[in-house]
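Shown next, in structure tokens, is the structure this report addresses.
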Amino acid sequence: MTFERASLGLFAAALLGVFGALGGAFVRAIDTGATPTGAVHAIESPRASVGAQAGAASVVSDLAHLAEDALVIASNRGPVNFAEGASGAIEVRRAGGGLATGLAPLVENRSNVTWIASAVDGVDLRAARTRVPTPGFNMRYVTMDPARYDLAYNHVANEALWFAAHGFWDGVRAPRFDATFRDAWKAFRELNRKFAGAIDRAAPEGGTVLVQDYHLPLVGDLL
């Protein structure tokens, strides 16, 4: 898949543009074992902050053209959740959180929009495997071994990248890239590869792809 086939937009609430500068420096630091100073500089850059605001506004503006263009959205969690009802049947419920609240109403009931999210275990995985209908959304799911997903989601995304993206690492508290973290990093790359593969299969020629948030910063290069 090439960028001529699907243009990639990073639409991470309050982090758009910032993570574009952060991601490359942070990935190189982890892969080489160096201290991710570039990530700190990117976070503190006023230019990056302005770029984030301008980028977010641009993406929101572009959503006005959804009626004409094919769009693929990729995010760790989707706009709906699943739960098991009293009868044992799987029920579909609207997800909470900023992403679902802010973006889902803009793309709901649009046949040209595909939303890719993770489904790892429990009812979510059952729903994905049995293709439970999700009214209003054309959903596709990325599945992954639950233990590997836990490493990617909790140990890398939430325990390292979230803090880096919010400027909370300093000289006293800094991430430790030890053997445990490196194993988690492999799982994180695996998760991003799975999303990139799902996007590659879903995005039509000339489609637009929006990759959401700090869970998936490697997807752009993988595409």
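A few notes on this one:
- Taking segment 112-166 and dividing mean pair separation by its residue count, relative contact order in percent (alpha carbons under 8 Å, at least six apart): 41 percent
- Full extension of the segment from A95 to N154, taken as 0.36 nm per residue of separation minus the current Cα-Cα distance, would add 19.3 nm.
- Approximating the spin labels as points 7 Å out from Cα along Cα→Cβ, the R126-to-L222 distance works out to 2.8 nm.
- Entry note, segment 108-223: relative contact order of 26 percent, from Cα contacts under 8 Å with a spacing of 6+ residues.
- Residues L71, L216, arranged from fewest to most other Cβ atoms within 10 angstrom of their Cβ, appear as L71, L216.
Every number in this text was worked out from the coordinates using simple rules, so none of it is lab data. Please read these numbers as outputs of a predicted model, since none were measured by experiment. Here Cβ is always computed from backbone atoms with ideal geometry, including for glycine, and neighbour counts include all displayed protein chains.
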